[in-house]
Protein chains: 2
Amino acid sequence: MMRTRPLKVALLGCGVVGSEVARIMTTHADDLAARIGAPVELAGVAVRRPSKVREGIDPALVTTDATALVKRGDIDVVVEVIGGIEPARTLITTAFEYGASVVSANKALLAQDGAALHAAANEHGEDLYYEAAVAGAIPLIRPLRESLAGDKINRVMGIVNGTTNFILDKMDSTGAGYQEALDEATALGYAEADPTADVEGFDAAAKAAILAGIAFHTRVRLDDVYREGMAEVTASDFASAKAMGCTIKLLAICERAADGGSVTARVHPAMIPLTHPLASVRGAYNAVFVESDASGQLMFYGPGAGGAPTASAVLGDLVAVCRNRLSGATGPGESAYAALPVSPMGDVVTRYHISLDVADKPGVLAQVATVFAEHGVSIDTVRQQGKDGEASLVVVTHRASDASLTGTVEALRKLDTVRGVASIMRVEGE
Amino acid sequence: MMRTRPLKVALLGCGVVGSEVARIMTTHADDLAARIGAPVELAGVAVRRPSKVREGIDPALVTTDATALVKRGDIDVVVEVIGGIEPARTLITTAFEYGASVVSANKALLAQDGAALHAAANEHGEDLYYEAAVAGAIPLIRPLRESLAGDKINRVMGIVNGTTNFILDKMDSTGAGYQEALDEATALGYAEADPTADVEGFDAAAKAAILAGIAFHTRVRLDDVYREGMAEVTASDFASAKAMGCTIKLLAICERAADGGSVTARVHPAMIPLTHPLASVRGAYNAVFVESDASGQLMFYGPGAGGAPTASAVLGDLVAVCRNRLSGATGPGESAYAALPVSPMGDVVTRYHISLDVADKPGVLAQVATVFAEHGVSIDTVRQQGKDGEASLVVVTHRASDASLTGTVEALRKLDTVRGVASIMRVEGE
């Protein structure tokens, strides 16, 4: 049954992931051929610096002209691991025009232009697969869009950025401050020289947009995702979290509203109970928790980044796309039929942990409690600590909308007896 | 793009899982239609007791003649949730002959006759999907055979039976004995009246056969799986496990030999470190740990049984099979090209925890240590406890073959100073 004419693959980008993809395509060529039903051949590799020595890659395959490679006309599958918006976007749409399917690891591009790319793939009858764009090697896109295709997903909540999880885990386990933990992450190669995309939550927000889109059959773009980074998280926040049996994680949370009529997507640091499966995700690992009507609670766990794990996801997609090609079919495309509205952050309902610096005198608690009540935010617990005329109030609320909580905090700031709002953190996973 | 002629589904079996499949097909009909691209219609339901009232199912669809239903000729997909070998096997092969694809949850049948069923599906150009056969709602078959299709899987180790995990978790957390914990599991509905299939490991062994087959692209049948039940596990074993920072789980373990030339599959109770992700899987939950060359360590976690979770897996497959049908293609079939030999249990290499009742006199440890050395089994630690002329020796070994360990134990039994071998347990997850 084996076809002898090979399927031709163009590799765009040959950095940490691309070089690993090329390596596995060579070392596991026989296995890949057996699983696909035809050999796959690396037909060209587009790079920026052709002079760099790339072990195991025939220099004759290397080119700096990615556009010409994609336009060759004999390419079956384009593997895009360049990242960023351009030239990746143009190269992908050109690939479709020239009769190739695409496997991409580009979360930023998919979060911004996923709908247009899917439309282009569909127009030309090609596949667009991108398991590697979210949570590295962890199978997540395929389970969400295929295994759970007969279920109703209500929530996807996960740790989808290894850099920030490494930093927060370090802060949690050693009591280090943010900067110290970030410095260690940088020294160990877990954080990039410019860590903005990770610590400010841009990377996680792109993944949240992709996950929400698939889970809710609704277009969700990066701009729809509320985003708060984790640079403000302090050692004192971790102490507060511990006091209530929690730890702090940077979470991507995609939720269907209780009435089912809208969805939200957000990324922010949050306290979660130590008993929650996500609390024990250590180091640079990723994990995603999925709640559905019928399946109940599922969790997917594994390495969220790195050359080899990401290459594993790329190659899984490559095998699937090649199989589709041989059978003359395409896999599932975009599913956005539900077209639910994406609500703003103010509509999100969750719990909050608020630390206030207050005057240490009688009646302060009563004043504060009144403000919460006036804004319809019900208090679960209050802890009062005072010394030397200074005092702090730690309030944990019941579930309330983010808009109500924001209104509450604004009003609290206006109280003479409230000297400052030391921290506000959402509490998830209960 | 929506096709209006519905795809027709025949449901074989309407127990806990089947009734849930029928319910979701009705309540989520619009979503299923949108995701498939055509409506799906429940065309018939084969049951044993037609008089039983089945809420939400049109009595006109109910029949006791499953064969006639499958032979109707207008059925697109047969969903088989009867279980057992016959009549399920004949009904499935008949379905293929009459032009239907099949979604099955039947682990026993697939573990025994998977190759023949796949061949029949292939012969008639139909799909055979069975995500629900292993670990309920947890997406596992599809990730293994599609997401990791470009990777080399070296080990699949999991808790794939909820009943036994419930019992072992209860023994661990309360100190209860096996019978007491089993009684509670029965009372709560986690164990069946005849718990043999679960506690003797038959259920887990069937799943191990299926997982090993997919992971290693090799035919593995139920008979190839070494199997030990968990009825012999005692409260004292749990105490021993705790003393070494472990707990006890009934594990299904599928491994590629270090030289890559063969595989093994086995089910038995084993000690695993409390720090291992599988150690914290509580109650009736399932979890499967997968180790691959490129992806590293992945874990999949969720409810392993129950009507709704299993129905979620069935419906995910149903959507996939219907999509394939509309596009005129079939999904990936059996992949057994590697055809690696399945080695016997004696070839498995792991660590062991052995408790011996010995005479409390000088020289016993030296005698025992000599026997281990003679059989090539290297000792990691020994703990000696003595009182009133009785003593016990607890030996934990380094990695050794099961055959060497068996030889060691046989020789130990012949020593005058060894009064008995109290327990032997494998140690995994390190």
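All of the numbers you see were taken from the coordinates with simple rules; none came from a lab. Just so it is clear, the model here is predicted, and its values are computed rather than measured. Reconstructed Cβ throughout: ideal geometry from the backbone, glycine too, with neighbour counts over all protein chains shown.
Given label points at 7 Å from Cα along Cα→Cβ, what nm distances, shortest first, separate B:Asp357 from the same residue in every other copy?
Distances to the matching label points in the other copies: 6.9 nm.
For region B:52-107, which GluC sites (Glu not before Pro) pass both filters: DSSP loop (anything but H, G, I, E, B) and at most 13 other C-beta atoms within 10 Å? Mind showing how you got there, number by number?
Working: sites: B:Glu55, B:Glu80, B:Glu97; in loops: B:Glu55.
Listed in order of number, the matching sites are B:Glu55.
Using +1 at the C-beta of Lys and Arg and -1 at the C-beta of Asp and Glu, which of B:Ile167, B:Ala133, B:Leu144 has the Cα lying farthest in the positive direction of the dipole of region B:116-217?
Of the options given, the answer is B:Leu144.
Kindly rank B:341-354, A:280-293 from highest to lowest mean number of other beta carbons found within 10 Å of each residue.
Details: B:341-354: 18.6, A:280-293: 21.6.
Top to bottom by mean Cβ count within 10 Å: A:280-293, B:341-354.
In a GNM of chain B with a 10 Å cut-off on Cα contacts, which of B:Ser240, B:Ser327, B:Ser404 has the highest mean-square fluctuation?
In the Gaussian network model the winner is B:Ser327.
Any aspartates and glutamates with Cα under 20 Å of the A:Lys414 Cα? List them, leaving off those in the same chain fewer than 8 positions away.
In chain and number order, the partners are A:Asp357, A:Asp360, A:Glu374, A:Glu390, A:Asp402.
Classify the protein assembly as shown from the C-alpha gyration tensor, please: rounded if a/c falls under 1.5, else prolate or oblate depending on whether a/b exceeds b/c.
Numbers: a/c = 1.33, a/b = 1.04, b/c = 1.28.
It comes out rounded by the Cα gyration axes.
Which residue, B:Val409, B:Val156, B:Val199, tops the fluctuation ranking in a GNM of chain B built on C-alpha contacts under 10 Å?
B:Val409
Toward the positive end of the charge dipole of region B:141-302, about the Cα centre and with charges on Cβ (Lys, Arg +1; Asp, Glu -1), which of B:Ala287, B:Tyr178, B:Val199 goes farthest?
Toward the positive end, the furthest listed residue is B:Ala287.
Could you pull out every one of the lysines with an alpha carbon less than 16 Å from that of B:Lys170, ignoring same-chain neighbours closer than 8 positions?
Once the sequence-local lysines are set aside, what remains near B:Lys170 is B:Lys242, B:Lys249.
What does the C-alpha gyration tensor say about the overall shape of region A:29-157? Classify as rounded when a/c is under 1.5, otherwise prolate if a/b is larger than b/c, or oblate.
Details: a/c = 1.72, a/b = 1.50, b/c = 1.15.
Prolate shape, in that a/c is at least 1.5 and a/b is the bigger ratio.
Once you wrap a convex hull around the alpha carbon atoms of region B:287-430, what is its projected area averaged over all directions, in nm²?
Values: hull surface 55.9 nm².
Its average projected convex-hull area is 14.0 nm².
Work out, step by step, the length gained on full extension between B:Ile424 and B:Thr27: first 0.36 nm times the residue separation, then minus their alpha carbon distance; give nm to one decimal.
Roughly 137.8 nm would be gained on extension.
Place the label 7 angstrom along Cα→C-beta at B:Arg3 and in each other copy, then list the distances from the first to the rest in nm, shortest first.
Taking the point 7 Å beyond Cα along Cα→Cβ, the inter-copy spacings are 2.3 nm.
Mind checking the dipole of region B:141-302: about its Cα centre, +1 per Lys or Arg Cβ, -1 per Asp or Glu Cβ, Debye to the nearest 20?
Values: 14 positive and 21 negative charges, 119 e Å.
So the magnitude is around 580 debye.
Taking 0.36 nm per residue of separation and subtracting the Cα-Cα distance, what length does fully extending B:Arg48 through B:Glu410 add? Spell out each step's value before the answer.
On the way: separation 362, 0.36 × 362 = 130.32 nm, distance 5.07 nm.
That pair, B:Arg48 and B:Glu410, stretches by 125.3 nm at full extension.
With +1 assigned to the C-beta of every Lys and Arg and -1 to the C-beta of every Asp and Glu, and no other charges, what is the dipole magnitude of chain B about the Cα centre in debye, to the nearest 20? Provide the component values of the computation, followed by the final result.
On the way: 38 positive and 52 negative charges, 118 e Å.
Using only the charged Cβ atoms, the result is roughly 560 debye.
For region A:86-96, take each phi angle, set θ = phi - 60°, evaluate the Karplus expression 6.51 cos²θ - 1.76 cosθ + 1.60, and give the result in whole Hz per residue in order, putting x for glycine and proline.
10, x, 4, 4, 5, 5, 5, 5, 5, 4, 4
Which residue, chosen from A:Val348, A:Thr406, A:Val427, occupies the Cα position most advanced towards the positive end of the dipole of region A:345-427, where the dipole is computed from +1 (Lys, Arg) and -1 (Asp, Glu) charges on Cβ about the Cα centre?
Ranked along the dipole, the leading option is A:Val427.
For region A:345-427, what relative contact order do you get, as a whole percent, if you take Cα pairs closer than 8 Å and at least 6 residues apart? Please report the intermediate quantities before stating the final value.
Numbers: 162 pairs, mean separation 40.3, N = 83.
Once normalised by length, the contact order is 49 percent.
Calculate the dipole size of region A:1-65 relative to its Cα centre from +1 charges on Lys and Arg beta carbons and -1 charges on Asp and Glu beta carbons; express the result in debye to the nearest 20.
Details: 9 positive and 7 negative charges, 32 e Å.
The calculated dipole for region A:1-65 is roughly 160 debye.
Between region B:76-147 and region B:305-331, what is the separation of their alpha carbon centroids in Å?
11 Å
Mind giving me the nanometre distance, one decimal, between the label points for A:Ser280 and B:Arg3, set 7 Å out from Cα along Cα→Cβ?
Using points 7 Å along Cα→Cβ, the separation is 4.6 nm.
Between region A:369-420 and region A:169-208, what is the C-alpha centre distance in whole Å?
30 Å
Output the direction-averaged projected area (hull surface divided by four) of the convex hull of the alpha-carbon atoms of region A:206-307, in nm².
Working: hull surface 32.0 nm².
Computing the convex hull of the Cα atoms and averaging its projections yields 8.0 nm².
Of all alpha-carbon pairs in chain B, indicate the percentage at a distance above 27 angstrom. Mind showing how you got there, number by number?
On the way: 51151 of 92235 pairs.
Value for chain B (Cα pairs over 27 Å): 55 percent.
Can you give the relative contact order of region A:143-303 as a percent, counting alpha carbon pairs under 8 Å and 6+ residues apart? Intermediate values should be presented prior to the final figure.
Working: 316 pairs, mean separation 53.6, N = 161.
About 33 percent, as a whole number.
Using only Cα atoms, tell me the angle between helix B:307-327 and the longest principal axis of chain B; keep it within 0 to 90° and round to the nearest 10.
50 degrees
Relative to the other copies, what are the label-point distances for B:Thr234, with labels 7 Å from Cα along the C-beta vector, expressed in nm at one decimal and sorted shortest first?
Reported distances to equivalent positions: 5.7 nm.
For chain A, modelled as a GNM with alpha-carbon contacts under 10 angstrom, which of A:Val62, A:Val134, A:Val314 fluctuates the most?
Per the Cα network of chain A with a 10 Å cutoff, A:Val62 tops the list.
Given the rotation that superposes chain A on chain B, what residue of A brings its beta carbon nearest the axis, and what is the distance in Å?
Smallest Cβ distance to the axis, with its residue: A:Ala329, 2.
Round to a whole angstrom and tell me the spacing of the C-alpha centers of region A:255-287 and region B:218-258.
33 Å
Using a Cα-Cα cut-off of under 19 Å, which aspartates and glutamates could be cross-linked to B:Lys71, ignoring same-chain neighbours fewer than 8 residues away?
Of all the aspartates and glutamates, those that pass the test against B:Lys71 - Cα under 19 Å, at least 8 places apart if same chain - are B:Glu41, B:Glu80, B:Glu86, B:Glu97, B:Glu123, B:Glu126, B:Asp127.
Based on C-alpha coordinates, I'd like the Rg and Dmax of region B:334-402, in Å.
Final numbers for Rg and Dmax: 17.4, 61 Å.
If one puts a single equal scatterer on every Cα of region B:141-302 and applies the Debye formula without solvent, what log₁₀ I(q)/I(0) results at q = 0.09, 0.18 Å⁻¹?
-0.29, -1.07
Starting at the first residue of region A:51-64, write each ³J(HN,Hα) from the Karplus equation 6.51 cos²θ - 1.76 cosθ + 1.60 with θ = phi - 60°, in whole Hz, x for Gly and Pro.
Coupling constants for region A:51-64: 6, 4, 6, 10, 4, x, 10, 4, x, 5, 7, 7, 9, 9 Hz.
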